[in-house]
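**Student:** First the structure, which I've put down as structure tokens, then a few questions once you've had a look.
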Amino acid sequence: MESGTKVIIRQNPHHPRAVDIVGIVIRFRPGEGFGCTDLVDVRYKHPKTGKRHTMPVNCSCLELGTPAPLTELAERYEAIAFDLRMSAE
């Protein structure tokens, strides 16, 4: 993964509630994780606090932010937003 690549954080060991969010790859660190797995430093904004973080995440916890999964994620969040708006009325 190259710096600047969009990724979807599917599992976040640092902030368990900050999942299914989009982050940006800052640095790829091959073999630096537990058991010599690859780590990726990812910058993301915590959805609840709005604070920005840059944390190392194992590649197995990430999905590339290609158009199909990003669109799927957007549609899921749009459906949640619709339900919230309906609940507010």
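**Student:** I'm trying to understand the selection: among the residues of the stretch 48-75, which are in a helix (DSSP H, G or I), over 19 Å from Pro16 (Cα atoms) and not β-branched (Val, Ile, Thr)? Lay out the reasoning, then the answer.
**Tutor:** Within the stretch 48-75, the subset in a helix (DSSP H, G or I) is 59-61, 67-75.
So of that shortlist, the ones also over 19 Å from Pro16 (Cα atoms) come out as 67-72, 74-75.
Listed by number, the residues that qualify are Pro67, Ala68, Pro69, Leu70, Glu72, Ala74, Glu75.
**Student:** If I filter the stretch 10-26 for residues that are outside any strand (DSSP E or B), in contact with a Cys (Cβ under 9 Å, 6 or more places away or on another chain) and loosely packed, with under 12 Cβ neighbours inside 10 Å, do I get at least one hit?
**Tutor:** yes
Read-outs throughout are calculated quantities, based only on the coordinates presented, and are distinct from any laboratory measurement. Being a predicted model, the structure only gives us computed values, none of them experimental. Cβ sites come from the backbone with ideal geometry, for glycine too, and all protein chains shown count toward neighbours.
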